[in-house]
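What follows draws every value from the coordinates through simple rules; no lab data is involved. The model shown is predicted, which means the values in this text are computed figures rather than measured ones.
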Amino acid sequence: MDPVTLAVLTSGVVALGAESAKGLASKVGEDAWIAIKGLFGWKKQPPDHELAHNVAESLNNDPRLAQQVLQLLQRQSTGTGSTLVRSINADKVVVANRINTVNM
């Protein structure tokens with residue numbers, strides 16, 4: 001997996017986990033987080049300081065898992081996690097919806 005896609009997908013998962021942990025996730029977001037934890041095989045969520053590393057390592061080592069997580073986040077409207085990965089496809093990654101430039 002290319003590093004940009006890995007970083008964006010990892011960010012989407014971690015953002016959803018953070019929203020869920022703080023009680024900010026919608027019902028759909030909570031359901032998606034439960035499904036993601038199941039895909040990763042976590043009985044217990046990794047500690048916050050290890051979450052991003054664990055997610056990135058698992059996604060990088062298992063392309064099938066990465067594809068399943070990507071599809072789940074793209075299908076669900078889970079907030080930040082979905083927004084981050086919505087435009088990922090096999091050809092390119094689009095992270096910014098709008099870019100403002102300043103001409104000096």
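Things worth noting here:
- Residue-wise HN-Hα coupling along the stretch 39-54, computed from phi with Karplus coefficients 6.51, -1.76, 1.60 (Hz; x: Gly, Pro): 4, 6, x, 7, 6, 9, 5, x, x, 3, 6, 10, 4, 4, 5, 4
- For the pair ASN61 and LYS44 in one chain, pulling the backbone fully straight at 0.36 nm per residue adds 4.1 nm over the alpha carbon distance.
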